[in-house]
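Please read the structure below before turning to the comments.
The values are calculated or read from the model by the stated rules, or taken from the named source; none is laboratory data. As the structure is a prediction and not an experimental result, all values here were calculated from the model. Methodologically, a virtual Cβ is constructed for each residue, glycine included, from the backbone with ideal geometry; neighbour enumeration extends over all protein chains shown.
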Amino acid sequence: MKYLLFFSIEDDITTHRMVDWCISLNVTPIIIDTRNLSKVLLNYSIANNIFSFQIKHKRSIVTEKDVVGYIYRRSNASTLSNYKFSTLTPELEEFAQQEIISFNSGFFHALFKYMKGVNNLNTAINDKLETLFLAQESGFKIPDSHLLTSNEEAIKIIKKTGKRYITKPIYNMVMLRHNSNHYMQYTTEVKSKHFNKESEVFPFLLQERIEKSFEIRTFFLNEKAFSMAIFSQEDKQTSEDFRRYNTVHPNRTVPFELKKEDLLKLKKLMKSLNLNSGSIDFLKSETGELYFLEVNPVGQFGMVSGPCNYYLEREVVTNLVSNEKIN
């Protein structure tokens, strides 16, 4: 019996769709929450340039010889709740937490080096600003971006350039929960009037707003690009951020193909980021120029797969169960 490892969370829809394809391809899926990795991973070793491990699965022991590959999708934060300690001092608790993090990280480093896989715990979160630098070095146009700790400086930039600007998190966007409500973070246009010169300010990103013809979401896998054009600018509700979904009148979406030279730039960028997969956001300006915005190493690709009939869940699984090496 051959196995495919999924490192994910229970309610990730994309994971379950890929699991369905595993069954049709006669491969047994094993879904592991990395929060519990140290409870099911009995051991892993690197000796004489050979990587080996044992995973407890139901009543069986699965080794690296039984596994055709792995997919990293989502994970919950590592926790000590699986272990019964007597009272720990804050210093010992931090030490124990770091031991678990290092145990998990080491395993994923070895997986990336020695086994076919898609994404990785250690590359699941990237630095947006570093990615912008690398995108520019790869040949992409990027919006002018300013990191600020002064409202007054933001006002000066807006007045001096005469450009329109947006703001969004420097780090990844998160879902905020309060009581029984959920709140999303969105890209939003800002103007001089929004800044109070006198108030203290937390570091923030001010980024040039590019007037767009449409947005492009690209799923990158094994040096292939599967793209979709999103005509979000046709709806005021979604014109700044297509994730402000209009469920009554959804944005028009169509398959899209990147130019060969843009695909080469993307391959160069993904190689520099040490990624073999990811979801990339571009936009096409009103003047016809392609702008790179960001890459999410573990971004959702179901929104591209379904509307464009790409069957990306099948594509990911078949890449791993075939003999092609994709790392």
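Could you check how many residues of the range 31-50 are on the phi < 0 side of the Ramachandran plot, surrounded by fewer than 16 Cβ atoms within 10 Å (Cβ to Cβ) and not in a strand (DSSP E or B)?
The qualifying residues number 3.
Among the residues of the range 25-72, count how many are within 27 Å of the chain's Cα centre (by Cα), polar (S, T, N, Q) and farther than 19 Å from His109 by Cα.
1
With of a type outside the set (S, T, N, Q) and under 15 Å from Arg73 (Cα atoms) as the only criterion, which of Leu312, Leu290, Leu283 stands out?
Of Leu312, Leu290, Leu283, the one residue that is of a type outside the set (S, T, N, Q) and under 15 Å from Arg73 (Cα atoms) is Leu312.
Under 6 Å between Cβ atoms, at least 6 apart or on separate chains: pull out the pairs that start in the range 112-136 with a residue that is among the basic types (Lys, Arg) and end on any residue that is at pLDDT 90 or above and part of a helix (DSSP H, G or I).
Lys116/Leu320
Quick check on my filter: what residues within the range 294-320 are part of a strand (DSSP E or B) and out of contact with any helix residue (DSSP H, G or I) (no Cβ under 9 Å at 6 or more places or on another chain)?
Residue satisfying the conditions is Asn296 alone.
Just give me the residues in the range 189-235 being among the β-branched types (Val, Ile, Thr) and in contact with a strand residue (DSSP E or B) (Cβ under 6 Å, 6 or more places away or on another chain), in sequence order.
Selection gives Val190, Ile210, Ile216, Thr218, Ile230.
Within the bounds of the range 157-168, is there any residue that is of a type in the set (A, V, I, L, M), under 30 Å from Leu275 (Cβ atoms), at pLDDT below 95 and part of a loop (DSSP other than H, G, I, E, B)?
No, the range 157-168 has no match at all.
Identify, by number, the condition in (1) over 16 Å from Leu121 (Cα atoms); (2) at pLDDT 90 or above; (3) surrounded by 15 or more Cβ atoms within 10 Å (Cβ to Cβ) that Tyr70 doesn't meet.
So Tyr70 meets the others, but not (1).
Looking at the range 51-69, can you tell me whether even one residue there is closer than 24 Å to Val295 by Cβ and not in a helix (DSSP H, G or I)?
Yes, there is a match, as at least one residue in the range 51-69 is closer than 24 Å to Val295 by Cβ and not in a helix (DSSP H, G or I).
Tell me yes or no: at least one residue of the range 174-188 is buried (at least 18 other Cβ atoms within 10 Å of the Cβ), closer than 24 Å to Met228 by Cβ, at pLDDT below 90 and out of contact with any Asp or Glu (no Cβ under 8 Å at 6 or more places or on another chain).
no
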